[in-house]
Amino acid sequence: MSKKKVLFICVHNSGRSRMAEAFLNAECEDFYEAQSAGLEPGTFNPLVAETMDELGLDIRQKPSQAVFDVWRSGPVFSHVISVCSESEAGGCPIFPGPTKRLHWTFPDPSKVEGDHEQKLAQVREIRDTIRARIKEWCQENCR
């Protein structure tokens, strides 16, 4: 059976979309192949990397990529899932084919405040929320 392709989109492809990509590839690897991209690719968030390292997931291996570059390359995605605010998600392109478009709002890890430990705690909460949503989605869709 061929894997369905899923694209996660956030603003900078520096945190939320990368976490979702890593979790889906880890949780549903027999059914889905996930990628991620940003509306305006930015600098990778080291706090996100640190919290993902805690779970044994290295998400540093690829550079941020622009969603429009992915769109132009022409892959057909079964699902395109925005993981940013609804207003930010409005800038996502419409992908061709029978793509199902979903929107899951998660807080932006780049906007956490406090000292390093406080920021890490907040990013862990975001990470765990994304992970729980991915697990739930896999239970519903990986059969």
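The values are calculated or read from the model by the stated rules, or taken from the named source; none is laboratory data. Being a predicted model, the structure only gives us computed values, none of them experimental. Here the Cβ is made from the backbone with ideal geometry for all residues, glycine too, and neighbour counts use every protein chain on show.
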Identify, by number, the condition in (1) at pLDDT 85 or above; (2) surrounded by 12 or more Cβ atoms within 10 Å (Cβ to Cβ); (3) under 18 Å from Asn13 (Cβ atoms) that Lys135 doesn't meet. (3)
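Tally up the residues in region 18-71 that are of a type in the set (S, T, N, Q), part of a loop (DSSP other than H, G, I, E, B) and closer than 16 Å to Lys4 by Cα, please.
0
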Inspect all residues belonging to region 86-99 and state whether any of them is more than 16 Å from Arg18 (Cβ to Cβ), aromatic (Phe, Trp, Tyr) and either modelled with pLDDT of 80 or more or assigned to a helix (DSSP H, G or I) (or both). no
If the Cβ limit is 9 Å and pairs must be 6+ apart or interchain, which residue in region 105-123 that is surrounded by fewer than 11 Cβ atoms within 10 Å (Cβ to Cβ) pairs with which residue that is among the aromatic types (Phe, Trp, Tyr) and assigned to a helix (DSSP H, G or I)? none
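For residues that are charged (D, E, K, R) and touching a residue at least 40 places away in the same chain (Cβ under 8 Å), scanning just region 26-53, find the one that is surrounded by the most Cβ atoms within 10 Å (Cβ to Cβ).
Going residue by residue through region 26-53, those that are charged (D, E, K, R) are 27, 29-30, 33, 40, 50, 53.
If we keep only those that are touching a residue at least 40 places away in the same chain (Cβ under 8 Å) as well, we get 27, 30, 50.
Details: Glu27: 18, Asp30: 8, Glu50: 14.
The residue in question is Glu27.
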Working only within region 100-132, note down all residues that are polar (S, T, N, Q) and modelled with pLDDT of 95 or more. Gln118, Gln122, Thr129
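Could you grab me the full set of residues in region 67-89 that are aliphatic (A, V, I, L, M) and surrounded by fewer than 16 Cβ atoms within 10 Å (Cβ to Cβ)?
From region 67-89, those aliphatic (A, V, I, L, M) are 67, 70, 76, 80-81, 83, 89; that's our starting set.
Passing the criteria: only Val76.
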For a quick check of your reading of the model, give me the residue pairs whose first member lies in region 1-16 and is in contact (Cβ under 8 Å) with a residue 24 or more places away in the chain and of a type in the set (S, T, N, Q), whose second is crowded, with 17+ Cβ neighbours inside 10 Å and assigned to a loop (DSSP other than H, G, I, E, B), with beta-carbon atoms closer than 9 Å and at least 6 apart or on different chains. Asn13/Leu39; Asn13/Pro41; Asn13/Phe44; Asn13/Ser64; Ser14/Pro41; Ser14/Phe44; Ser14/Asn45; Ser14/Ser64
